[in-house]
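Asks: Take a look at the following structure, please.
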Amino acid sequence: MDQKVIPILIGKKKAKKWNFGMVSRAAVLIVSFFVVGYALTVSLSKGKPDSGGDFFRLLFENSGYSLLLLAVFLGMVLAEVARFTVFLYVNQKKIRPILAVRTVLIGRFYSAITPFLNGGQSFQTNILSKAKVNRVASFSIPSVNVFLKLLIWNFILLLFLIFNKQNIQEIKGWAYAGLVFSWILPILFFIFSLNERLAKKIIAYVLKLGVRIRIVKKYDEALAKSWRVLEDLHLSVSNIIKNLFAFLILVILYAAEFFALMSLPYLLFRAAGETVTYGHMLVSYMYVYLSASYVPTPGAAGAYEVLFFAMYGGTVQSNMLYWLMITIRFFTYFFYIFAGYFCQLIDLIVGRVRRKREMKKILSEHLEEWKEQTESSEALPLPSQPTESSGSLTNTESEIKVEN
């Protein structure tokens, strides 16, 4: 190794490059705070909220319900983390809870700032692939997770709407329309994951249509890529179905998360001193959830607030209702925005520290190599050179001189 390489490498500063990662994260932060600000602005325009003193006083007085509310919320988050842990174990035979936490929080963050709360799957795929999860699993785990969640949740909602005995008429029509809309994606996913022949026909027809309207340029390449994705999806679904024990655990976790989410309004209303029944609050919040599910704004901002006030405005004071809605929105929406960005910030810091350590390690290795080569070059004896005055010649030199 050249002796001049290391001093130049240490002394010369690298040219600054445009950090696309930092710019993209800053842009996402701006968008997320815009979404939060928009949702809060819409919330503030409804009702006449006071300073919240009475609301928080009641929360402290009914500390039992308040603590139970926090415990159920934590259980809801952990149930989702446990699901991804099970998915990773089925595909990799490894328990990776930290990766599951990162996947959940960052995925929910991007879902919260995109329409219909379904924009985080591609980011979850990226996280899993960077964590050395195989290509099939990194793509299929987020997709299968969404499919099973919608399938199980919609099935529970359908049963409750059919057999419930609660006389609730507010926003009932909107809720049934939301239920119909929410079944579209599970049915399509069911067709694509189980009926391969029909799925290929649908894909080929859609791609041909895309070629005609000049959206798809290379039909053969797009078709091959789509079939490869479809095969990965089939493989992932078959892995889950074959492992019956893991599938049953996933069903339990999906159901636990669902009932935890639907129980939050009841626990919050009781903590705020309201006299409500669990059955009424459970079904009424199902109506709110379904009615807001097909609103295309991020987090159903605007529509959720209107639906919440329409459902509970007749039973709760307007100033108290505002704080109830804001608290529910924090548990179901704002928390994931702040937690997801905080998780990304930690990833950014850890990544920079890791890169600096790797750079220092590389530099130290090169320095050691350079020092060893320098010491070895200094230890070599210098070749003897005859002077003109000495007139002494070696045998080889004299032989050469004679021959000449």
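Read-outs throughout are calculated quantities, based only on the coordinates presented, and are distinct from any laboratory measurement. These numbers were taken from a predicted model, which means no experiment stands behind them. Because the Cβ atoms are built from the backbone with ideal geometry, glycine has one as well, and the counts that use them run over all protein chains shown.
Asks: Does LYS200 qualify as being in a helix (DSSP H, G or I) and either at negative phi or under 29 Å from the mean Cα position of the chain (by Cα) (or both)?
Replies: So LYS200 fits the description; yes.
Asks: Given ALA272, ALA246, ALA260, which one is touching a Gly at 6+ places or on another chain (Cβ under 8 Å) and of a type in the set (A, V, I, L, M)?
Replies: It is ALA260.
Asks: Let me ask something additional. Return yes or no: is VAL144 more than 27 Å from GLU231 (Cβ to Cβ) and part of a helix (DSSP H, G or I)?
Replies: Against the criterion (more than 27 Å from GLU231 (Cβ to Cβ) and part of a helix (DSSP H, G or I)), VAL144 does not qualify.
Asks: Further question: The conditions are (1) farther than 25 Å from ARG57 by Cβ; (2) in a helix (DSSP H, G or I), and ALA301 fails exactly one of them. Which is it?
Replies: So the condition that ALA301 fails would be (2).
Conditions (1) aliphatic (A, V, I, L, M); (2) buried (at least 17 other Cβ atoms within 10 Å of the Cβ), marked per residue:
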site: ALA256; (1), (2): yes, yes
site: ALA272; (1), (2): yes, yes
site: HIS280; (1), (2): no, no
site: LEU290; (1), (2): yes, yes
site: TYR304; (1), (2): no, yes
site: TYR312; (1), (2): no, yes
site: ILE328; (1), (2): yes, yes
site: GLY340; (1), (2): no, yes
site: ASP347; (1), (2): no, no
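Asks: Looking only at the stretch 203-222, which residues are outside any helix (DSSP H, G or I) and not aliphatic (A, V, I, L, M)?
Replies: Correct list: ARG214, LYS217, LYS218.
Asks: Can you tell me which residue in the stretch 128-151 is surrounded by the fewest Cβ atoms within 10 Å (Cβ to Cβ), limited to those that are of a type in the set (A, V, I, L, M) and touching a helix residue (DSSP H, G or I) at 6+ places or on another chain (Cβ under 6 Å)?
Replies: ALA131
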